[in-house]
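Colleague: One structure coming up, written as structure tokens, with questions to follow.
The values are calculated or read from the model by the stated rules, or taken from the named source; none is laboratory data. For clarity, every value in this text was computed on a predicted model and none was experimentally measured. Note that we place each Cβ from the backbone using ideal geometry, even for glycine, and neighbour counts take in every protein chain shown. In case anyone asks, the SASA skips ligands and DNA or RNA and just uses the protein heavy atoms, side chains included. Shrake-Rupley method; radii C 1.70, N 1.55, O 1.52, S 1.80 Å.
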Amino acid sequence: MSQYRLLPTPVQEVALRGHCTHARYVWNLAVEQHLHWHQGRASAPSFLEQCRQLTQARAEYPWLAAGSHTVQQQALRDFAQAMAAFRDRANPARRPSWRKAGRNEGFRIVGRDRQWDVRRVSRHTGQVWVPKAGWVRFRWSRRVPEGVKSYRVTMDRAGRWHVAFAAIPEAIRAPGNGQVVGIDRGVAVSAALSTGELLRAPGLTGREQTRLHRLERKLARAKRGSNRRGRVRQAGARLKARETDRRKDWAEKSSTSIVRRFDVIRVEDLKIGNMTRSGSGTAQNPGQSVRRKAALNRGILRSGWGLLVRRLEDKAPGRVERIKPRFTSQRCSACGHVDPKSRESQAVFRCTACGFADHADLNAAVNIAAGHAVTARGGFRDAGPANREPQLLLQSA
Ligand SMILES: [Zn+2]
């Protein structure tokens, strides 16, 4: 997904904000309906039914009717898609959840065939058509992909607008060298390659981190609703946005480099959604060690692993293989001996049988490259207690 800075006029910004509010409202309505369904109703309303309800709601609420029908319907379609992804057993995504004002601001437009929806007006400027707002300028910072089908307009926490054109990145041809690489994802190190490379997703610099902490302290002291509070919050959001930008850039560049160098890319079949979702606890184990998990989860998200894998799959369709993560970190890549004790610490692997020692993530990456422990798809949930994920990581987190 290529993202561009959107530069609405003040008048257009009002229209865009309206779309965000409507999209969020409709989305949250859908979330609510599906929650009710969970509590023992006959069936959750389908997309078509929800569309009919939307028509009714628009007839009832003039403020909703004043907005764009396209935007609102698209929000329902997005929700239906998110639910389908959530129910996908082989590859479950997170359950669609509430969208909050100021945090998840955005909406989607599906391009119409009958007229141009994206056009270039000068070397560095493009325009994109948004209902009720008209042609909105954006910075033509790089090539806009051909055949844009839909685009998403978002406002980040720093109040900046962006437009992203949905076009799947072009597949990159395999080098044809027969080479296989295994990639293990870590927390301290974002990705370990079986070639011995350790990739780190960039974050904030030490100085930036210090500044962020200072801002957070200031924010805690600032009076609610004050101007000062707003300013401090914005400054913090800008720093966080910078971190996100760097991580995205890293995932883009790293994935391109990897798919150019190797024919087959093997990764563990770990669903980032599964791991990051578990913090709130289960019925048997309500919220235990939530804080520890939260810290770990932040680490995983920050490492940019999920994004990297997504980009690999986009750029190398059919060349990315998911390996069941069983024993990959307990197995010695030199002699094949499996022993949990070989994993000395999160960072160090030392085989209890042959004495082979290596960075733990690299040892795992070599096992992944070899495709060991490949059985069925299904992720770690059906793996036994010896499975390293997420327990082992948690112990040392
Ligand atoms: Zn060994």
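Colleague: For the range 128-154, enumerate the residues that are open to solvent by 30 Å² or more (accessible area, probe 1.4 Å) and more than 24 Å from Asp249 (Cα to Cα).
Modeller: Listed by number, the residues that qualify are Trp129, Lys132, Trp135.
Colleague: With Ala360, Ala353 as the choices, which residue is aliphatic (A, V, I, L, M) and out of contact with any Cys (no Cβ under 8 Å at 6 or more places or on another chain)?
Modeller: Testing whether each residue is aliphatic (A, V, I, L, M) and out of contact with any Cys (no Cβ under 8 Å at 6 or more places or on another chain) leaves just Ala360.
Colleague: If you go through the range 115-164 one residue at a time, how many are at pLDDT below 90, under 27 Å from the mean Cα position of the chain (by Cα) and assigned to a loop (DSSP other than H, G, I, E, B)?
Modeller: Number of matching residues: 14.
Colleague: Against the condition open to solvent by less than 30 Å² (accessible area, probe 1.4 Å) and at pLDDT 75 or above, how does Cys335 come out, does it pass?
Modeller: No, not satisfied.
Colleague: Would the range 354-363 turn up any residue that is surrounded by fewer than 17 Cβ atoms within 10 Å (Cβ to Cβ), touching a Ser or Thr at 6+ places or on another chain (Cβ under 8 Å) and at pLDDT below 80?
Modeller: No, there is no match, as no residue in the range 354-363 is surrounded by fewer than 17 Cβ atoms within 10 Å (Cβ to Cβ), touching a Ser or Thr at 6+ places or on another chain (Cβ under 8 Å) and at pLDDT below 80.
Colleague: What pairs come out if I take residues in the range 258-275 that are assigned to a strand (DSSP E or B) and pair them with residues that are modelled with pLDDT under 65 whose C-beta lies under 9 Å away, six or more apart or interchain?
Modeller: Listed by first residue and then by second, the contacts come to Arg266/Val374; Glu268/Phe380; Glu268/Glu389.
Colleague: Being modelled with pLDDT of 90 or more and open to solvent by 90 Å² or more (accessible area, probe 1.4 Å) is the filter here, so list the residues in the range 197-220 that pass it.
Modeller: Within the range 197-220, Arg207, Arg211, His213, Arg214, Arg217 meet the criteria.
Colleague: Between a residue in the range 129-144 that is without any contact (Cβ under 8 Å) to a residue 24 or more places away in the chain and any residue that is open to solvent by less than 20 Å² (accessible area, probe 1.4 Å) and part of a loop (DSSP other than H, G, I, E, B), which pairs come within a Cβ distance under 6 Å, given they are 6 or more apart or on different chains?
Modeller: Within 6 Å, the pairs are Trp129/Asp117.
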